[in-house]
1. Name the lysines eligible as straight-distance cross-link partners of Lys82: C-alpha to C-alpha under 21 Å, and not fewer than 8 places from it in the same chain.
2. Going Cα to Cα from Lys45, which aspartates and glutamates come in below 16 Å? Please leave out same-chain ones fewer than 8 positions away.
3. How far apart, in nanometres, would the label points at Phe373 and Lys45 be if each is projected 7 angstrom from Cα along the Cα-to-Cβ direction?
4. Compute the length gained on full extension between Asp61 and Thr116: take 0.36 nm times their separation in residues and subtract their Cα-Cα distance, giving the result in nm to one decimal.
5. Can you give the local net charge around Arg498? Use residues other than it whose beta-carbon is closer than 14 angstrom to its beta-carbon, Lys and Arg +1, Asp and Glu -1.
6. Extending each Cα 7 Å along its Cβ direction at Val320 and Tyr210, get the distance between those two points in nm, one decimal.
7. Starting from the amide H of Leu57, placed 1.01 Å from N in the peptide plane, find each other amide H under 5 Å away whose residue is 5 or more places distant or on another chain.
8. Can you tell me how much longer the chain between Ser89 and Arg250 gets when fully stretched, taken as 0.36 nm per residue apart minus their C-alpha distance, in nm with one decimal?
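Nothing in this text is a laboratory measurement; each read-out follows from the coordinates by a stated rule. Just so you know, these numbers come straight off a predicted model, no measurement behind them. Ideal geometry is used to build each Cβ from the backbone, glycine not excepted, and the neighbour counts take in all protein chains shown.
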Amino acid sequence: MAKHFLYLTNDRLISLVWNRGAINSRESFLAAEAASASCVAYMEKYRRLPTYLITDLVEEDFRLDTIPHLRGSDSEAIISRKLGQIYRSSNLRHAVIQGRETEGRRDDKVLYHAVTNTELIKPWLELLEKIEVPLEGIYSSSVLSARLLKVLDLQFPHTLLVTVVPDFGLRQTYFRDQQIKFSRITPIVYDEGQSVGGLIAAEMGRTWQYLESLRYFAGGETLEVCILIHARDKPVIADAIRKYPSLKYRFLDIEEVSTKIGLKNPPSSSHAEQILVHTYAQTGLENHFAEPTTRRFAVFRKARMGLFALTAGILAVGVVGTAFNFHQASQISNRVNTRENAARNLQSEYQTIFNAMRQQKLASDVARDTSAFYNNQIRPQPAAPGALLSELSNVFAEFSRVKLLGLTWTIGTDERATPYFNAVPPNGTLEVSSEPKSATPGVAQAVANALNASGNNAQALADPNPAWPSAKLQFAMIDAAITPFDGDFRATLAEVERVKARLNAVPGFKASIESTPLDVRSTATITATGKRVGAGLPEARFVIKVVRVGEAS
């Protein structure tokens, strides 16, 4: 993404448009040209790009201090109060926490810095405000220049970075353990009696003496002086450098540095702004001086981009969803066509078999069994017991005291069959209960069993080829209860009989009672316990089997 950098010095503003590792545009405007038509037109040209204002001014102040080690809002409150006390007349101020002290209370070490002369920046801020430029922030080039040392792997205990400010002077920034401690800019005033190299060497000598007076150096430590300069200017400075035993000079050739950091079009002079801007553009920058109102157009720009991205994302999801639906519809259509073809083939095969069977003369038993087999095995099974359950629901809606506990549904062909049924466990036992007598049959029962067996054998001998069951039946085993139960078994049994009679009144229904709350037949024994066991409302349980006679649908 293209970025617009405004590099501000005391004399001029240099506009640099950075995109994909190259400076595509460079324009310079004098401080008095902030309101000129040419400057306004130029800024209008790049008003859509995110803009970063970099300051490299004489009126930048740096102070070191300590504060108690706190966190969150408490620390922010102390720093804000300190900034207000130190820089009362400037709103362009910032603080950087640089770790903690190693002794004593281990207070936080803080660097306070600010632009003390806001009038130098005010005209340019008014211009950017007027044309609604998305200003991301205002930054101190001295503080950010530590990134250049890190990229070049020039990290020493004591480092002095020396850069040339465009058409103005010399910036000297001192770093101790990769943290900025001091920075100063001095104009280069040409003197006929001294060369440019001599002037620069003299300024570095004075800086060294100032740092030494602050006792930054222990015995035997040296100051690494890193000078960013063009190759053709190096001899002039190298010849004039004074030989201090505690200074070690490193000349950083601008063209070599450009290659190392990936700047595609290296500067043609010793001015450092393009090298610094390219370094700053590689990563995100934390705002130093800009207030929220100054940055509001940048916030609006990010909001617009977020909405555009969200809209694009929604459209992309919609397109993907539509494509997926079309794909699914195509697959479903292919399956439907495949099944229609299979159905047509089966129908054709069925019609062929049916026509062949019509032309054959079969015995009556074979025809009968074929018809029953077709009705029972080939014709589709009922899809669901909906119709049967609907009719049962209408019947039981007439009996308010009947509580439906469970229902088992199935199909079959033998009306006398009893489907598998898993009853709901009762809440307890009633005061009166019944149990079947001994399973040993009496004489009359034995005779009846014998007669039934002989009758069945006679029927089997008389009809060696019985008919195939020809009807499909639906079975419903209904587990229900009369509740609440007040102990009146006579009324309860009568209620059960009414339920059975009402079910038998439904066309096609055959209902039979499988179990009652109390078995009053002579084959059962009735026992009275005198008390009821179990929790919950009293209820009298019964089971009814319902057979729907005729074709299941």
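1. Lys109, Lys181
2. Within the straight-line cut-off, Lys45 pairs with Glu27, Glu129, Glu132.
3. 9.5
4. 19.1 nm
5. +1
6. 5.8
7. Residues meeting the amide H criterion: none.
8. Difference between extended and current length: 54.1 nm.
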